[in-house]
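**Q** Below is a structure I'd like to ask you about.
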Amino acid sequence: MAANSDLRMDLLPSDPLLHILSFLSFRDLIHCSFVSRRTERVSKHNPLWKRLSSKHWLLTDVCRAQNYRDLGGYLQHYAPLKRSWEQLKGFLLLKCPRMIASLKEGATETELNDIEAQIGCRLPDDYRCSYRIHNGQKLVIPGLMGSMSLSNHYRSEVLLDVETAAGGFQQRKGMRRCLPLTFCFHTGLSQYMALQPAEGRRKFESFYPCPDQLAQDPSAIDMFITGSCFLEWFTAYVHNVVTGEFPIIRDQIFRYVHDKSCVATTGEITVSVSTSFLPELSSVHPPHFFFTYRIRIEMSSSASPDASCQLDSRYWKITMSDGHVEEVQGPGVVGKVHEYASCTTFSTPSEYMEGHYSFHRLADKEDVFHVMIPRFHMVCPPFREPVIRTQKASSRRLEDPDGDGEFCDGDGDDFGDLRGINMAALEGAWCPRHI
């Protein structure tokens, strides 16, 4: 008589069955628990869920005892956000320890629900998840979200806690249903997140508002786009911080971006350049784009004493995106130069600069030579014009069904035009360097 070749799951020993279940995702494991009483009992085996907890929630044995039941709705966001927060805090502990003290404890589900009721809008899940981990920071200087300092200008952006952000929730025309993410005490600058697709904005994208100075309607506001959602906006920023893309200067995070190709070596001297776009000093209408750049000039450690030299003058060749070329010559920077910052403005959203420094040897003033300044690009983030301007430009009137003079919100797919050359900024690079 032939042996029965049917393989029944309920007859399998527990060890091989557990081994099979260990390859399942958490959803498949839950589904498997409904197959039979046997699989229901086995699927509750603690090691199975310990592995899944470590994978999706980054939980260790130390913190596993805490209650994470109400975080189940944030499964797809928790791991990358928790990892980014841990990386950022680990980096700040070494480089800017006083910033750690400004971070606030996470908000509760009840507090976030109360905020939603207060503003009348649903907060995105990735935003809620991040604020469950840390509820922003205290209103202190320096801000967590980066600083910038020039001779007569200073900016430092604080990551707002959810209660303060709710107090600045916008319902005015031109900024309807926008929640502030950051705030700068010195400039009043804030980055906002659109909670609804209104007035030419896409849902959940982050941006710097920029009033249209040529429009007679005060609700005409251009937008420099900084992210497509909170998760992308925050994790991209943290990546730039912890990888050293943004330098630490005087215990602050400076949002200079350094392209590794922006380095040139001539003999014993190396010149490197990093750049940054300043939205608070820029405008789309009229076109006025403000950039700052930081240049480091370094002599090789192996250079002989006879290689000592003095900077005499500098030459710049500036090429704008419309093809216009401008050349500038001037004296060298006064003093013993190692690193300095300067700034420039353009009427086009992207430009590049290159040039050279003129030096002479200290041992022989007649020995004059040029040191190359590498080509570096300055490109503003993509910007979107308000629906009011783009629809007027195409000779189409906004709907006014009530005849009350109020324009429609532009909800749905009626978004403003996205302009600017660096479309890659929406993929996570806040200010790309290449045209």
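**Q** When you go through (1) open to solvent by less than 70 Å² (accessible area, probe 1.4 Å); (2) out of contact with any Lys or Arg (no Cβ under 7 Å at 6 or more places or on another chain) one by one for residue 309, which number turns out not to apply?
**A** Every listed condition holds for residue 309 apart from (2).
**Q** Of the residues in region 222-264, how many are of a type in the set (Asp, Glu), in a loop (DSSP other than H, G, I, E, B) and either closer than 14 Å to residue 144 by Cα or touching a residue at least 24 places away in the same chain (Cβ under 8 Å) (or both)?
**A** 1
**Q** Quick check on my filter: what residues within region 156-175 are assigned to a loop (DSSP other than H, G, I, E, B) and either of a type in the set (Asp, Glu) or touching an Asp or Glu at 6+ places or on another chain (Cβ under 6 Å) (or both)? Walk me through how you get there before you give the answer.
**A** Of all residues in region 156-175, those assigned to a loop (DSSP other than H, G, I, E, B) come to 157, 160-161, 168-169, 171-175.
If the condition is that a residue be assigned to a loop (DSSP other than H, G, I, E, B) and either of a type in the set (Asp, Glu) or touching an Asp or Glu at 6+ places or on another chain (Cβ under 6 Å) (or both), then 157, 161 are the ones that fit.
**Q** A further question follows. Only one of 231, 281 is surrounded by 15 or more Cβ atoms within 10 Å (Cβ to Cβ) and either modelled with pLDDT under 95 or within 30 Å of residue 357 (Cα to Cα) (or both); which? Working first, answer last.
**A** Numbers: 231 fails: either modelled with pLDDT under 95 or within 30 Å of residue 357 (Cα to Cα) (or both).
Exactly one residue qualifies, and that residue is 281.
**Q** For region 167-201: of the residues being among the small types (Gly, Ala, Ser) and crowded, with 19+ Cβ neighbours inside 10 Å, which is farthest from residue 342 (Cα to Cα)? Steps first, answer last, please.
**A** Filtering region 167-201 for residues among the small types (Gly, Ala, Ser) gives 167-168, 174, 188, 190, 194, 198, 200.
Next, only the ones that are crowded, with 19+ Cβ neighbours inside 10 Å stay: 174, 190, 194, 198, 200.
Numbers: 174: 34, 190: 24, 194: 33, 198: 38, 200: 35 Å.
The selected residue is 198.
**Q** State which residue pairs qualify: first residue within 19 Å of residue 368 (Cβ to Cβ) and modelled with pLDDT under 90 and inside region 293-314, second residue acidic (Asp, Glu) and surrounded by 18 or more Cβ atoms within 10 Å (Cβ to Cβ) in any location, beta carbons under 7 Å apart, and separation of 6 or more residues or different chains.
**A** Listed pairs, sorted by first residue: none to list.
Quick grid of which residues meet (1) under 21 Å from residue 189 (Cα atoms); (2) of a type outside the set (A, V, I, L, M); (3) under 20 Å from the mean Cα position of the chain (by Cα):
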| position | (1), (2), (3) |
| --- | --- |
| 226 | yes, yes, yes |
| 238 | yes, no, yes |
| 246 | yes, yes, yes |
| 250 | no, yes, no |
| 253 | yes, no, yes |
| 261 | no, yes, no |
| 310 | no, yes, no |
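**Q** Any residue that is of a type in the set (Lys, Arg), touching a strand residue (DSSP E or B) at 6+ places or on another chain (Cβ under 7 Å) and open to solvent by less than 70 Å² (accessible area, probe 1.4 Å) - is there at least one of those in region 85-94?
**A** If we filter region 85-94 for residues that are of a type in the set (Lys, Arg), which is where we start, we get 89.
Applying the additional criterion that residues be touching a strand residue (DSSP E or B) at 6+ places or on another chain (Cβ under 7 Å) yields none.
Checked region 85-94: no residue is of a type in the set (Lys, Arg), touching a strand residue (DSSP E or B) at 6+ places or on another chain (Cβ under 7 Å) and open to solvent by less than 70 Å² (accessible area, probe 1.4 Å).
**Q** Hey, could you check region 210-225 for residues that are closer than 22 Å to residue 379 by Cα and out of contact with any helix residue (DSSP H, G or I) (no Cβ under 6 Å at 6 or more places or on another chain) and say which is surrounded by the fewest Cβ atoms within 10 Å (Cβ to Cβ)? Even if it seems obvious, please write down each step before you answer.
**A** Filtering region 210-225 for residues closer than 22 Å to residue 379 by Cα gives 210-213, 221-225.
Now restrict to residues that are out of contact with any helix residue (DSSP H, G or I) (no Cβ under 6 Å at 6 or more places or on another chain): 210-213, 221-223, 225.
On the way: 210: 19, 211: 16, 212: 21, 213: 12, 221: 26, 222: 24, 223: 29, 225: 23.
Within region 210-225, the match that is surrounded by the fewest Cβ atoms within 10 Å (Cβ to Cβ) is 213.
**Q** Scan region 362-369 and give yes if some residue there is modelled with pLDDT of 90 or more, surrounded by fewer than 18 Cβ atoms within 10 Å (Cβ to Cβ) and not in a loop (DSSP other than H, G, I, E, B), otherwise no.
**A** yes
**Q** For region 191-204, which residues satisfy the criterion of being touching a Pro at 6+ places or on another chain (Cβ under 6 Å) and assigned to a loop (DSSP other than H, G, I, E, B)?
**A** Going through region 191-204, the residues touching a Pro at 6+ places or on another chain (Cβ under 6 Å) turn out to be 192, 200, 203-204.
Residues satisfying the conditions are 200, 203, 204.
**Q** Identify the single condition in (1) open to solvent by 20 Å² or more (accessible area, probe 1.4 Å); (2) within 23 Å of residue 112 (Cα to Cα); (3) outside any helix (DSSP H, G or I) that residue 207 does not satisfy, given that it satisfies every other one.
**A** Condition not satisfied by residue 207: (1).
**Q** Being of a type in the set (Gly, Ala, Ser) and open to solvent by 60 Å² or more (accessible area, probe 1.4 Å) is the filter; apply it to region 110-131 and report the residue that is farthest from residue 196 (Cα to Cα). Break it down stepwise before answering.
**A** Residues of region 110-131 that are of a type in the set (Gly, Ala, Ser), as a first pass: 117, 120, 130.
Right, trim to open to solvent by 60 Å² or more (accessible area, probe 1.4 Å) and you get 117, 120.
Working: 117: 15, 120: 11 Å.
Among those residues, the one meeting the criterion is 117.
**Q** Please verify whether residue 68 is modelled with pLDDT of 80 or more, among the hydroxyl-bearing types (Ser, Thr, Tyr) and surrounded by 13 or more Cβ atoms within 10 Å (Cβ to Cβ), treating the condition exactly as stated. First the steps, then the outcome.
**A** Values: modelled with pLDDT of 80 or more: no; among the hydroxyl-bearing types (Ser, Thr, Tyr): yes; surrounded by 13 or more Cβ atoms within 10 Å (Cβ to Cβ): yes.
So residue 68 fails the test.
**Q** Given (1) outside any helix (DSSP H, G or I); (2) out of contact with any Ser or Thr (no Cβ under 6 Å at 6 or more places or on another chain), identify the lone condition not met by residue 145.
**A** Against the list (1) outside any helix (DSSP H, G or I); (2) out of contact with any Ser or Thr (no Cβ under 6 Å at 6 or more places or on another chain), residue 145 comes up short only on (2).
**Q** A further question follows. Could you tell me whether any residue of region 357-370 is of a type in the set (Asp, Glu) and touching a residue at least 12 places away in the same chain (Cβ under 8 Å)? Even if it seems obvious, please write down each step before you answer.
**A** So in region 357-370, the residues of a type in the set (Asp, Glu) come out as 364, 366-367.
Now narrow it down to the ones that are touching a residue at least 12 places away in the same chain (Cβ under 8 Å): none.
Looking through region 357-370, none of the residues is of a type in the set (Asp, Glu) and touching a residue at least 12 places away in the same chain (Cβ under 8 Å).
The values are calculated or read from the model by the stated rules, or taken from the named source; none is laboratory data. Please read all numbers here as calculations on a predicted model, not as lab measurements. Every residue, glycine as well, gets a Cβ built from its backbone with ideal geometry; the counts of neighbours run over all protein chains shown. Accessible surface is based on the protein model in full, side chains and every heavy atom, while ligands, DNA and RNA are left aside. Shrake-Rupley method; radii C 1.70, N 1.55, O 1.52, S 1.80 Å.
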